[in-house]
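**Q** Handing you a structure now.
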Amino acid sequence: MTKLLRRDFLNAAAVLPFATATLSAAQPARRPRVAAVYTVFRFRSHAHNIIENFLTPYLFNGKRLESPCEVVSFYADQRSPEGDTTDEVARRFKIPVHRTIEGALTLGGRELAVDAVLLIGEHGEYPHNRLGQHEYPRKRFFDEIVAVMRRSNRYVPIFNDKHLSYQWTWARQMHDFCQEHNAPFMAGSSVPLAQRRPALEIPANAAIEEAVSIHAGGVESYDFHALEVLQSMVEFRRGGETGVSSVEFLAGDRLFDAARRGRWSLRLAEAAMGAEFAKDVPNLRQPIRNERAAEPHGLLITYRDGFRATMLKIGASSNRWNFACKFANDDRLHATRFYNGPYGNRCLFMGLSHAIQAHFVNRRSPYPVERTLLTTGLTDAVVRSRAAGAGIETPHLDIRYAPRDFRAVREMGESWRALEGQAERRVVGMLADR
(Lines give C-alpha, C1' and ligand atoms only; values in the text may rest on other atoms or scores of the structure.)
Protein backbone atom coordinates (compact mmCIF):
# COMPACT_ATOMS: atom_id res chain seq x y z
CA MET A 1 0.00 0.00 0.00
CA THR A 2 1.43 3.38 -0.97
CA LYS A 3 1.69 6.13 1.61
CA LEU A 4 -0.74 8.29 -0.36
CA LEU A 5 -3.44 5.65 -0.45
CA ARG A 6 -2.92 4.80 3.26
CA ARG A 7 -3.18 8.49 4.17
CA ASP A 8 -6.38 8.94 2.17
CA PHE A 9 -8.02 6.05 3.96
CA LEU A 10 -6.87 7.00 7.44
CA ASN A 11 -7.94 10.62 6.98
CA ALA A 12 -11.39 9.53 5.83
CA ALA A 13 -12.98 8.77 9.21
CA ALA A 14 -16.19 9.27 7.31
CA VAL A 15 -16.39 8.75 3.55
CA LEU A 16 -15.59 11.96 1.72
CA PRO A 17 -18.64 13.59 0.14
CA PHE A 18 -19.18 13.64 -3.59
CA ALA A 19 -17.10 16.45 -5.10
CA THR A 20 -19.06 19.62 -4.38
CA ALA A 21 -17.78 21.29 -7.54
CA THR A 22 -20.03 18.99 -9.55
CA LEU A 23 -23.14 19.12 -7.37
CA SER A 24 -25.86 21.71 -7.18
CA ALA A 25 -26.22 23.62 -3.92
CA ALA A 26 -29.49 21.87 -3.10
CA GLN A 27 -28.64 18.26 -2.35
CA PRO A 28 -31.25 15.64 -3.29
CA ALA A 29 -33.57 14.46 -0.51
CA ARG A 30 -32.49 10.88 -1.22
CA ARG A 31 -29.97 9.13 -3.39
CA PRO A 32 -31.09 8.92 -7.02
CA ARG A 33 -32.11 5.36 -7.88
CA VAL A 34 -30.38 4.04 -10.98
CA ALA A 35 -31.29 1.22 -13.38
CA ALA A 36 -28.27 -0.36 -15.10
CA VAL A 37 -29.10 -1.64 -18.59
CA TYR A 38 -26.14 -3.34 -20.25
CA THR A 39 -25.04 -5.87 -22.84
CA VAL A 40 -22.78 -8.08 -20.72
CA PHE A 41 -21.04 -8.00 -17.32
CA ARG A 42 -17.59 -9.59 -17.07
CA PHE A 43 -14.15 -8.49 -15.87
CA ARG A 44 -13.12 -5.25 -17.61
CA SER A 45 -16.28 -5.01 -19.66
CA HIS A 46 -17.66 -1.49 -19.74
CA ALA A 47 -20.49 -2.59 -17.46
CA HIS A 48 -17.95 -3.79 -14.89
CA ASN A 49 -15.75 -0.69 -15.25
CA ILE A 50 -18.61 1.80 -14.81
CA ILE A 51 -20.94 0.07 -12.37
CA GLU A 52 -18.20 -0.85 -9.88
CA ASN A 53 -17.77 2.87 -9.17
CA PHE A 54 -21.47 3.13 -8.32
CA LEU A 55 -21.32 0.15 -5.94
CA THR A 56 -17.98 0.58 -4.15
CA PRO A 57 -15.62 3.44 -3.20
CA TYR A 58 -13.49 4.89 -5.97
CA LEU A 59 -10.76 7.48 -6.34
CA PHE A 60 -11.23 10.82 -8.02
CA ASN A 61 -8.23 13.15 -8.02
CA GLY A 62 -6.79 11.22 -5.10
CA LYS A 63 -9.89 11.41 -2.90
CA ARG A 64 -11.77 8.33 -1.79
CA LEU A 65 -15.43 8.85 -2.68
CA GLU A 66 -18.68 6.92 -2.59
CA SER A 67 -21.39 7.31 -5.18
CA PRO A 68 -24.30 9.62 -4.35
CA CYS A 69 -26.47 7.27 -6.45
CA GLU A 70 -27.98 3.86 -5.67
CA VAL A 71 -28.10 1.12 -8.31
CA VAL A 72 -31.42 -0.64 -7.76
CA SER A 73 -31.81 -2.91 -10.79
CA PHE A 74 -29.92 -4.76 -13.52
CA TYR A 75 -30.87 -5.80 -17.03
CA ALA A 76 -28.31 -8.01 -18.81
CA ASP A 77 -28.92 -8.54 -22.53
CA GLN A 78 -26.42 -11.42 -22.75
CA ARG A 79 -24.48 -13.70 -20.44
CA SER A 80 -20.81 -13.86 -21.39
CA PRO A 81 -19.25 -17.33 -21.74
CA GLU A 82 -16.01 -15.66 -20.61
CA GLY A 83 -16.61 -15.32 -16.88
CA ASP A 84 -20.02 -13.68 -16.65
CA THR A 85 -20.46 -12.00 -13.26
CA THR A 86 -24.00 -10.58 -13.38
CA ASP A 87 -25.43 -13.02 -10.84
CA GLU A 88 -22.38 -12.85 -8.55
CA VAL A 89 -22.46 -9.05 -8.40
CA ALA A 90 -26.25 -9.00 -8.05
CA ARG A 91 -26.07 -11.33 -5.02
CA ARG A 92 -23.18 -9.45 -3.44
CA PHE A 93 -24.94 -6.08 -3.64
CA LYS A 94 -28.54 -7.35 -3.36
CA ILE A 95 -29.60 -5.96 -6.74
CA PRO A 96 -32.46 -7.68 -8.58
CA VAL A 97 -31.79 -8.81 -12.16
CA HIS A 98 -34.83 -8.24 -14.38
CA ARG A 99 -35.73 -10.18 -17.49
CA THR A 100 -36.68 -7.05 -19.43
CA ILE A 101 -35.58 -3.45 -19.67
CA GLU A 102 -39.10 -2.42 -18.74
CA GLY A 103 -38.84 -4.49 -15.57
CA ALA A 104 -35.52 -2.88 -14.63
CA LEU A 105 -37.02 0.62 -15.01
CA THR A 106 -40.31 -0.11 -13.26
CA LEU A 107 -38.81 -2.46 -10.65
CA GLY A 108 -41.39 -4.98 -11.72
CA GLY A 109 -44.31 -2.57 -11.58
CA ARG A 110 -46.11 -0.51 -14.20
CA GLU A 111 -44.66 3.01 -13.86
CA LEU A 112 -41.11 4.34 -14.04
CA ALA A 113 -39.59 3.73 -10.59
CA VAL A 114 -36.00 4.96 -11.04
CA ASP A 115 -34.41 8.40 -11.22
CA ALA A 116 -31.70 7.72 -13.83
CA VAL A 117 -30.56 5.08 -16.32
CA LEU A 118 -27.14 3.71 -17.24
CA LEU A 119 -27.23 2.52 -20.87
CA ILE A 120 -24.07 0.49 -21.47
CA GLY A 121 -24.14 -1.09 -24.92
CA GLU A 122 -20.52 -2.25 -25.33
CA HIS A 123 -19.05 -5.78 -25.44
CA GLY A 124 -20.94 -9.00 -26.02
CA GLU A 125 -21.64 -11.15 -29.06
CA TYR A 126 -23.26 -8.90 -31.66
CA PRO A 127 -22.85 -8.94 -35.45
CA HIS A 128 -20.84 -6.64 -37.69
CA ASN A 129 -22.51 -5.18 -40.77
CA ARG A 130 -21.07 -4.89 -44.29
CA LEU A 131 -19.25 -1.67 -43.35
CA GLY A 132 -17.54 -3.38 -40.43
CA GLN A 133 -19.59 -1.57 -37.80
CA HIS A 134 -20.35 -3.45 -34.60
CA GLU A 135 -24.12 -3.54 -34.28
CA TYR A 136 -24.40 -2.94 -30.56
CA PRO A 137 -28.05 -2.57 -29.46
CA ARG A 138 -27.84 0.96 -28.02
CA LYS A 139 -30.79 2.27 -30.04
CA ARG A 140 -32.93 -0.74 -29.07
CA PHE A 141 -32.03 -0.22 -25.42
CA PHE A 142 -32.80 3.50 -25.76
CA ASP A 143 -36.19 2.90 -27.38
CA GLU A 144 -37.26 0.49 -24.64
CA ILE A 145 -36.03 2.89 -21.94
CA VAL A 146 -37.87 5.94 -23.28
CA ALA A 147 -41.03 3.89 -23.93
CA VAL A 148 -41.34 3.48 -20.16
CA MET A 149 -40.64 7.18 -19.61
CA ARG A 150 -43.21 8.20 -22.23
CA ARG A 151 -45.87 5.95 -20.69
CA SER A 152 -45.12 7.34 -17.23
CA ASN A 153 -44.84 10.92 -18.51
CA ARG A 154 -41.60 11.33 -16.56
CA TYR A 155 -38.19 11.79 -18.17
CA VAL A 156 -35.07 11.10 -16.11
CA PRO A 157 -31.35 11.45 -16.93
CA ILE A 158 -29.81 8.88 -19.27
CA PHE A 159 -26.14 8.12 -19.80
CA ASN A 160 -25.23 6.35 -23.07
CA ASP A 161 -21.79 4.76 -23.05
CA LYS A 162 -19.58 5.54 -26.12
CA HIS A 163 -21.15 6.72 -29.40
CA LEU A 164 -24.90 6.83 -29.70
CA SER A 165 -25.39 4.25 -32.44
CA TYR A 166 -23.68 2.64 -35.42
CA GLN A 167 -26.46 4.14 -37.57
CA TRP A 168 -26.45 7.93 -37.91
CA THR A 169 -30.21 8.40 -38.29
CA TRP A 170 -30.78 6.49 -35.05
CA ALA A 171 -28.19 8.60 -33.23
CA ARG A 172 -29.90 11.78 -34.40
CA GLN A 173 -33.28 10.44 -33.25
CA MET A 174 -31.89 9.66 -29.79
CA HIS A 175 -30.51 13.15 -29.39
CA ASP A 176 -33.61 14.87 -30.74
CA PHE A 177 -35.99 12.84 -28.58
CA CYS A 178 -34.17 13.92 -25.43
CA GLN A 179 -34.17 17.53 -26.58
CA GLU A 180 -37.90 17.42 -27.30
CA HIS A 181 -38.81 15.88 -23.95
CA ASN A 182 -36.22 17.69 -21.79
CA ALA A 183 -34.67 14.36 -20.83
CA PRO A 184 -31.14 15.09 -19.53
CA PHE A 185 -28.80 13.19 -21.86
CA MET A 186 -25.09 12.45 -21.55
CA ALA A 187 -22.89 10.20 -23.67
CA GLY A 188 -19.35 9.61 -24.79
CA SER A 189 -15.87 8.33 -24.07
CA SER A 190 -13.90 8.11 -20.86
CA VAL A 191 -10.64 9.22 -22.51
CA PRO A 192 -11.20 13.02 -22.53
CA LEU A 193 -11.31 12.82 -18.71
CA ALA A 194 -7.79 11.37 -18.47
CA GLN A 195 -4.79 13.17 -16.99
CA ARG A 196 -2.99 15.29 -19.59
CA ARG A 197 0.79 14.80 -19.60
CA PRO A 198 2.10 17.45 -19.90
CA ALA A 199 -0.80 19.64 -18.80
CA LEU A 200 -2.41 21.37 -21.75
CA GLU A 201 -5.50 23.55 -21.77
CA ILE A 202 -7.09 25.12 -24.85
CA PRO A 203 -8.13 28.65 -23.89
CA ALA A 204 -11.71 29.54 -24.70
CA ASN A 205 -12.01 31.18 -28.12
CA ALA A 206 -8.47 30.13 -29.06
CA ALA A 207 -7.29 30.64 -32.63
CA ILE A 208 -6.33 27.01 -33.36
CA GLU A 209 -4.86 26.54 -36.82
CA GLU A 210 -4.64 22.73 -37.01
CA ALA A 211 -4.85 19.71 -34.69
CA VAL A 212 -4.17 15.98 -34.66
CA SER A 213 -5.37 13.15 -32.38
CA ILE A 214 -3.67 9.73 -32.35
CA HIS A 215 -4.76 6.29 -31.15
CA ALA A 216 -3.46 2.77 -31.81
CA GLY A 217 -6.56 0.60 -31.87
CA GLY A 218 -9.21 -0.57 -34.31
CA VAL A 219 -11.35 1.16 -36.89
CA GLU A 220 -14.60 2.44 -35.36
CA SER A 221 -14.03 1.14 -31.81
CA TYR A 222 -10.91 3.22 -31.12
CA ASP A 223 -11.45 5.80 -33.86
CA PHE A 224 -14.40 6.97 -31.77
CA HIS A 225 -12.27 7.54 -28.67
CA ALA A 226 -9.63 9.47 -30.64
CA LEU A 227 -12.37 11.61 -32.21
CA GLU A 228 -13.73 12.37 -28.72
CA VAL A 229 -10.23 13.38 -27.59
CA LEU A 230 -9.92 15.62 -30.64
CA GLN A 231 -13.34 17.16 -30.24
CA SER A 232 -12.96 17.76 -26.50
CA MET A 233 -10.00 20.01 -27.35
CA VAL A 234 -10.89 21.74 -30.61
CA GLU A 235 -14.46 22.60 -29.60
CA PHE A 236 -12.89 25.43 -27.58
CA ARG A 237 -11.61 27.17 -30.72
CA ARG A 238 -12.73 30.65 -31.72
CA GLY A 239 -16.47 30.74 -32.41
CA GLY A 240 -17.23 27.38 -30.79
CA GLU A 241 -18.18 24.25 -32.68
CA THR A 242 -19.63 24.70 -36.19
CA GLY A 243 -19.82 21.12 -37.46
CA VAL A 244 -18.00 19.20 -40.19
CA SER A 245 -18.37 19.68 -43.96
CA SER A 246 -16.31 16.74 -45.32
CA VAL A 247 -13.99 13.88 -44.37
CA GLU A 248 -11.64 11.47 -46.09
CA PHE A 249 -10.36 8.12 -44.84
CA LEU A 250 -6.82 7.24 -45.95
CA ALA A 251 -4.57 4.30 -45.08
CA GLY A 252 -1.00 3.16 -45.64
CA ASP A 253 0.94 4.90 -48.40
CA ARG A 254 -2.02 7.07 -49.40
CA LEU A 255 -2.09 8.53 -45.89
CA PHE A 256 1.57 9.59 -45.99
CA ASP A 257 1.31 10.78 -49.60
CA ALA A 258 -1.36 13.17 -48.37
CA ALA A 259 1.02 14.42 -45.67
CA ARG A 260 3.70 15.10 -48.31
CA ARG A 261 1.15 17.14 -50.26
CA GLY A 262 0.45 19.23 -47.17
CA ARG A 263 -3.03 17.89 -46.50
CA TRP A 264 -2.12 17.06 -42.91
CA SER A 265 0.92 17.85 -40.79
CA LEU A 266 3.43 15.06 -40.18
CA ARG A 267 5.34 17.47 -37.93
CA LEU A 268 2.24 17.92 -35.77
CA ALA A 269 1.72 14.16 -35.55
CA GLU A 270 5.34 13.67 -34.49
CA ALA A 271 4.85 16.28 -31.79
CA ALA A 272 1.80 14.37 -30.52
CA MET A 273 3.83 11.15 -30.40
CA GLY A 274 6.59 13.08 -28.63
CA ALA A 275 4.24 13.61 -25.68
CA GLU A 276 4.34 9.82 -25.23
CA PHE A 277 7.89 8.96 -26.36
CA ALA A 278 9.75 12.17 -25.44
CA LYS A 279 12.84 12.51 -27.68
CA ASP A 280 12.67 8.91 -28.95
CA VAL A 281 9.78 9.50 -31.36
CA PRO A 282 9.29 6.44 -33.61
CA ASN A 283 9.03 6.57 -37.38
CA LEU A 284 5.29 6.82 -37.99
CA ARG A 285 5.60 4.75 -41.17
CA GLN A 286 7.29 1.80 -39.44
CA PRO A 287 6.14 -0.72 -36.78
CA ILE A 288 6.73 0.60 -33.28
CA ARG A 289 9.08 -1.37 -31.09
CA ASN A 290 7.31 -3.97 -28.89
CA GLU A 291 4.06 -3.48 -30.84
CA ARG A 292 2.72 -5.74 -33.54
CA ALA A 293 2.75 -4.40 -37.10
CA ALA A 294 -0.45 -2.54 -37.95
CA GLU A 295 -1.33 -0.46 -41.00
CA PRO A 296 -1.69 3.23 -40.15
CA HIS A 297 -4.89 4.98 -41.11
CA GLY A 298 -6.36 8.41 -40.67
CA LEU A 299 -9.39 10.62 -41.14
CA LEU A 300 -8.82 14.06 -42.65
CA ILE A 301 -11.53 16.36 -41.32
CA THR A 302 -12.62 19.71 -42.74
CA TYR A 303 -14.90 21.71 -40.47
CA ARG A 304 -17.58 24.10 -41.68
CA ASP A 305 -15.58 27.10 -40.45
CA GLY A 306 -12.53 26.01 -42.49
CA PHE A 307 -10.62 24.50 -39.59
CA ARG A 308 -8.69 21.29 -40.37
CA ALA A 309 -7.92 18.36 -38.10
CA THR A 310 -6.70 14.79 -38.45
CA MET A 311 -7.47 11.61 -36.54
CA LEU A 312 -4.68 9.00 -36.87
CA LYS A 313 -4.19 5.36 -35.96
CA ILE A 314 -0.42 4.75 -35.41
CA GLY A 315 0.90 1.49 -33.97
CA ALA A 316 -0.92 -1.14 -31.93
CA SER A 317 -1.57 -0.24 -28.29
CA SER A 318 -4.72 0.16 -26.22
CA ASN A 319 -3.07 2.91 -24.18
CA ARG A 320 -2.18 5.49 -26.85
CA TRP A 321 -4.16 8.73 -26.72
CA ASN A 322 -2.04 11.63 -28.00
CA PHE A 323 -2.95 15.14 -29.16
CA ALA A 324 -1.16 18.13 -30.65
CA CYS A 325 -2.23 21.45 -32.07
CA LYS A 326 -0.83 24.65 -33.52
CA PHE A 327 -2.20 28.08 -32.75
CA ALA A 328 -2.37 30.79 -35.38
CA ASN A 329 0.63 33.15 -35.54
CA ASP A 330 2.62 30.83 -33.27
CA ASP A 331 5.28 28.48 -34.67
CA ARG A 332 5.35 26.39 -31.50
CA LEU A 333 3.49 23.08 -31.36
CA HIS A 334 1.55 22.15 -28.23
CA ALA A 335 1.19 18.47 -27.41
CA THR A 336 -0.04 16.19 -24.65
CA ARG A 337 -0.70 12.56 -23.86
CA PHE A 338 -4.00 11.55 -22.29
CA TYR A 339 -2.65 9.17 -19.64
CA ASN A 340 -5.12 6.50 -18.56
CA GLY A 341 -3.57 5.26 -15.33
CA PRO A 342 -1.76 2.13 -14.08
CA TYR A 343 -4.55 -0.36 -14.93
CA GLY A 344 -4.99 0.76 -18.50
CA ASN A 345 -8.34 2.09 -19.57
CA ARG A 346 -10.14 0.64 -16.52
CA CYS A 347 -8.86 3.51 -14.39
CA LEU A 348 -10.46 6.08 -16.67
CA PHE A 349 -13.90 4.82 -15.72
CA MET A 350 -13.50 6.22 -12.21
CA GLY A 351 -13.48 9.71 -13.72
CA LEU A 352 -16.25 8.88 -16.17
CA SER A 353 -18.42 7.37 -13.43
CA HIS A 354 -17.83 10.49 -11.34
CA ALA A 355 -19.02 12.64 -14.26
CA ILE A 356 -22.07 10.43 -14.83
CA GLN A 357 -23.03 10.73 -11.16
CA ALA A 358 -22.83 14.52 -11.44
CA HIS A 359 -25.13 14.26 -14.45
CA PHE A 360 -27.62 12.12 -12.56
CA VAL A 361 -27.65 14.35 -9.46
CA ASN A 362 -27.66 17.70 -11.27
CA ARG A 363 -29.78 16.58 -14.22
CA ARG A 364 -27.25 18.18 -16.57
CA SER A 365 -24.32 16.70 -18.44
CA PRO A 366 -20.92 18.20 -17.45
CA TYR A 367 -20.21 18.62 -21.19
CA PRO A 368 -22.50 18.96 -24.21
CA VAL A 369 -24.03 15.76 -25.56
CA GLU A 370 -23.69 17.39 -28.99
CA ARG A 371 -19.98 16.58 -28.81
CA THR A 372 -20.83 12.90 -28.91
CA LEU A 373 -23.55 13.42 -31.52
CA LEU A 374 -20.83 14.92 -33.75
CA THR A 375 -18.25 12.22 -32.99
CA THR A 376 -20.92 9.57 -33.62
CA GLY A 377 -21.44 11.05 -37.08
CA LEU A 378 -17.68 11.18 -37.66
CA THR A 379 -17.26 7.57 -36.57
CA ASP A 380 -19.92 6.57 -39.07
CA ALA A 381 -18.20 8.71 -41.73
CA VAL A 382 -14.92 6.85 -41.13
CA VAL A 383 -16.35 3.54 -42.33
CA ARG A 384 -18.37 5.11 -45.14
CA SER A 385 -15.38 6.98 -46.57
CA ARG A 386 -13.29 3.82 -46.25
CA ALA A 387 -15.92 1.80 -48.13
CA ALA A 388 -16.21 4.47 -50.84
CA GLY A 389 -12.43 4.76 -51.22
CA ALA A 390 -12.84 8.54 -51.40
CA GLY A 391 -13.69 11.59 -49.42
CA ILE A 392 -17.35 12.25 -48.62
CA GLU A 393 -19.41 15.34 -47.93
CA THR A 394 -21.14 15.47 -44.53
CA PRO A 395 -23.93 18.08 -44.69
CA HIS A 396 -25.76 16.20 -41.93
CA LEU A 397 -22.93 17.07 -39.52
CA ASP A 398 -24.00 20.71 -39.37
CA ILE A 399 -23.87 20.43 -35.57
CA ARG A 400 -23.18 23.66 -33.71
CA TYR A 401 -22.69 24.01 -29.99
CA ALA A 402 -20.84 26.01 -27.36
CA PRO A 403 -18.17 24.17 -25.33
CA ARG A 404 -18.46 23.79 -21.58
CA ASP A 405 -15.57 23.87 -19.11
CA PHE A 406 -15.46 20.32 -17.72
CA ARG A 407 -12.29 20.48 -15.60
CA ALA A 408 -14.34 19.71 -12.48
CA VAL A 409 -14.81 16.11 -13.69
CA ARG A 410 -11.35 15.52 -15.17
CA GLU A 411 -8.66 13.39 -13.50
CA MET A 412 -5.50 15.43 -12.84
CA GLY A 413 -3.26 12.52 -11.81
CA GLU A 414 -3.51 12.15 -8.04
CA SER A 415 -5.54 8.94 -8.32
CA TRP A 416 -2.93 7.37 -10.59
CA ARG A 417 -0.18 8.14 -8.08
CA ALA A 418 -2.24 6.47 -5.35
CA LEU A 419 -2.74 3.27 -7.37
CA GLU A 420 0.67 2.85 -8.99
CA GLY A 421 2.48 -0.22 -7.66
CA GLN A 422 -0.73 -1.82 -6.38
CA ALA A 423 -1.89 -5.13 -7.83
CA GLU A 424 -5.07 -4.79 -9.86
CA ARG A 425 -8.10 -6.49 -8.32
CA ARG A 426 -10.23 -8.56 -10.69
CA VAL A 427 -13.41 -8.24 -8.62
CA VAL A 428 -15.85 -5.35 -8.58
CA GLY A 429 -14.26 -2.63 -6.47
CA MET A 430 -10.68 -1.53 -7.12
CA LEU A 431 -10.29 -0.10 -3.62
CA ALA A 432 -11.94 -2.84 -1.56
CA ASP A 433 -9.80 -4.12 1.35
CA ARG A 434 -6.95 -1.70 0.62
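**Q** Specify the residue that is modelled with the lowest pLDDT; the eligible residues are those in the stretch 410-425 that are surrounded by 15 or more Cβ atoms within 10 Å (Cβ to Cβ) and touching a helix residue (DSSP H, G or I) at 6+ places or on another chain (Cβ under 9 Å).
**A** Among those residues, the one meeting the criterion is Gln422.
**Q** So His128 clears everything in (1) under 25 Å from the mean Cα position of the chain (by Cα); (2) surrounded by 22 or more Cβ atoms within 10 Å (Cβ to Cβ); (3) farther than 26 Å from Gly429 by Cβ except one condition, right? Which one?
**A** Tallying (1) under 25 Å from the mean Cα position of the chain (by Cα); (2) surrounded by 22 or more Cβ atoms within 10 Å (Cβ to Cβ); (3) farther than 26 Å from Gly429 by Cβ, His128 fails exactly one: (2).
**Q** Looking at the stretch 1-103, what helices (runs of 4 or more DSSP H) fall wholly within it and have at least 2 residues that are at pLDDT below 55, of a type outside the set (Gly, Ala, Ser) and closer than 20 Å to Met412 by Cα?
**A** In the stretch 1-103, the matching helices (runs of 4 or more DSSP H) lie at 3-11.
**Q** Have a look at Ala187, Ala171 and point out the one that is buried (at least 24 other Cβ atoms within 10 Å of the Cβ), touching a Ser or Thr at 6+ places or on another chain (Cβ under 7 Å) and assigned to a helix (DSSP H, G or I).
**A** Ala171
**Q** Quick one: which of Glu70, Glu52 is acidic (Asp, Glu), in the same structural domain as Tyr136 (by TED's automatic domain parsing) and more than 11 Å from Met350 (Cα to Cα)?
**A** Glu70
**Q** Looking only at the stretch 302-341, which residues are part of a loop (DSSP other than H, G, I, E, B), on the phi < 0 side of the Ramachandran plot and of a type outside the set (A, V, I, L, M)?
**A** Passing the criteria: Arg304, Asp305, Phe307, Ser317, Ser318, Asn319, Arg320, Trp321, Asp330, Asp331, Arg332, Asn340.
**Q** Are there any pairs, at least 6 apart or on different chains, whose C-beta atoms fall under 8 Å, with the first in the stretch 285-301 and more than 15 Å from Tyr222 (Cβ to Cβ) and outside any loop (DSSP other than H, G, I, E, B) and the second modelled with pLDDT of 95 or more and of a type in the set (Lys, Arg), and if so, which?
**A** Leu300/Arg263; Leu300/Arg308; Ile301/Arg308
**Q** Here is a further query. Would you point out the residue of the stretch 207-223, among those that are touching a Cys at 6+ places or on another chain (Cβ under 9 Å) and under 28 Å from Ala171 (Cβ atoms), that is surrounded by the most Cβ atoms within 10 Å (Cβ to Cβ)?
**A** Val212
**Q** Would you pick out the residues in the stretch 243-265 that are buried (at least 18 other Cβ atoms within 10 Å of the Cβ) and outside any strand (DSSP E or B)?
**A** Passing the criteria: Gly243, Leu255, Ala259, Trp264, Ser265.
**Q** Assuming Ala335 fulfils every condition listed in (1) under 19 Å from the mean Cα position of the chain (by Cα); (2) at pLDDT 95 or above; (3) closer than 23 Å to Ala199 by Cβ apart from one, which condition is it?
**A** Here Ala335 clears every test but (1).
**Q** While we're looking at this one, here's another question. Where the second residue is assigned to a helix (DSSP H, G or I) and the first is of a type in the set (Phe, Trp, Tyr) and lies in the stretch 37-52, which pairs have Cβ atoms under 7 Å and are six or more apart or on separate chains?
**A** Sorted first by the residue in the stretch 37-52, then by its partner, the pairs are Tyr38/Ala47; Phe41/Ala47; Phe41/His48; Phe41/Thr86; Phe41/Val89.
The values are calculated or read from the model by the stated rules, or taken from the named source; none is laboratory data. In this text, all values refer to a predicted model and were calculated from it rather than measured experimentally. Positions of Cβ are generated from backbone atoms using ideal geometry, with glycine treated the same way; all protein chains shown enter the neighbour counts.
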